[in-house]
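Readers should treat all values here as calculations from the given coordinates under stated rules, not as data from a laboratory. Just so we're clear, the structure is a prediction, and the values are computed from it rather than from any experiment. Please note: Cβ atoms are built from the backbone with ideal geometry, for glycine as well, and neighbour counts cover all protein chains shown.
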Amino acid sequence: GESVGLHLPTLSVQEGDNSIINCAYSNSASDYFIWYKQESGKGPQFIIDIRSNMDKRQGQRVTVLLNKTVKHLSLQIAATQPGDSAVYFCAEIEGNTPLVFGKGTRLSVIA
Amino acid sequence: ETGVTQTPRHLVMGMTNKKSLKCEQHLGHNAMYWYKQSAKKPLELMFVYNFKEQTENNSVPSRFSPECPNSSHLFLHLHTLQPEDSALYLCASSQDPGDIHGYTFGSGTRLTVV
């Protein structure tokens, strides 16, 4: 896959368990924080975003938490499935400037 | 298919070659981007075009030369590359750079410089 070879932190999770992927950011002025998923052989795809004035946002099976005090963002995936295996990137946007990505975490789901 | 198409999917080139990467989108987006994905810096922004004008060049070496002839097409011309330039080159588009929901990525071109 196209993300193979990346030197990334890896999270291994049993199928059906919940996953928590963490991200630290540096720009306090970011307006939005976004999570992207990159499957093997594909480009990153939008999962969920959170505005900087929010602490929590829920989507379908995913929840994003934002802790501005420690500049920390997390993505929680409920009942992790094999199809969730991918590399997950956090990203941030300030105003009309382009998306800036964090380092990424590889999630491996054990069946 | 995401609506952003990149060609070729794979490219092997020598250090003295000249090649071009192509990106095409028919999503009606006004902004297009080149990102580099490598082991050292997973998703590194290279160039930004908004309404066909280059608005950002993130200190990219001149051996990489972008071209945006219209809002649907973006090229990355490659010349005298180094082995460390081997990476996955991703193209993306969005309505504008601040569009949080709308960055659509292509599948990338895997470039190997030998």
FRET efficiency (residue A:94, residue B:17; Cβ distance; R0 41 Å; to 0.05) is 0.60
Chain A - charge dipole about Cα centre, Lys and Arg +1 at Cβ, Asp and Glu -1, debye rounded to 20
160
Output ³J(HN,Hα) for region B:72-81: one whole-Hz value per residue in order, computed from phi by the Karplus curve 6.51 cos²θ - 1.76 cosθ + 1.60 with θ = phi - 60°, and x for Gly and Pro.
9, 10, 9, 10, 10, 8, 10, 8, 6, 7
Can you tell me the dipole magnitude for the protein assembly as shown around its Cα centre, using point charges on the Cβ only (Lys, Arg +1; Asp, Glu -1), in Debye to the nearest 20?
380
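Can you give the direction-averaged projected area of the convex hull of the alpha-carbon atoms in chain B, in nm²? Write out the running numbers ahead of the final one.
Working: hull surface 25.9 nm².
Spelled out: convex hull of the Cα atoms, projected over all directions, averaged, 6.5 nm².
Report Rg(Cα)/(2.2 N^0.38 Å) for chain A, keeping two decimals.
On the way: Rg = 13.5 Å, N = 111, 2.2 N^0.38 = 13.2 Å.
The value comes to 1.03.
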In whole percent, the Cα-Cα distances of the protein assembly as shown spread across 5 Å bins from 0 upward as 1, 7, 15, 18, 19, 17, 12, 7, 3, 1, 0
Counting Lys and Arg as +1 and Asp and Glu as -1, each charge on the Cβ, what is the dipole of chain B about the Cα centre in debye, to the nearest 20?
460
For a label point 7 Å from the Cα of residue A:14 along Cα→C-beta, name the residues of region A:82-106 whose backbone N is under 16 Å from it.
A:82
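Express in nm, to one decimal, how much length is gained between residue A:45 and residue A:22 on full extension, taking 0.36 nm for each residue of separation and deducting their alpha carbon distance. Before the final figure, lay out the partial values.
Details: separation 23, 0.36 × 23 = 8.28 nm, distance 1.76 nm.
Length gained between residue A:45 and residue A:22: 6.5 nm.
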Distance in nm between label sites at residue A:53 and residue B:7, each 7 Å beyond Cα in the beta-carbon direction?
4.7
Mean-position separation - Cα centroids, region A:38-111 and region B:1-28, in angstrom
27
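What does the charge count around residue A:99 come to, taking other residues whose C-beta lies under 11 Å from its C-beta (Lys +1, Arg +1, Asp -1, Glu -1)?
Working: positive: none; negative: A:49, A:92, A:94, B:99.
Here the charged neighbours net out to -4.
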What FRET efficiency comes out for the pair residue B:79/residue B:26, r = Cβ-Cβ distance, R0 = 35 Å, nearest 0.05?
0.80
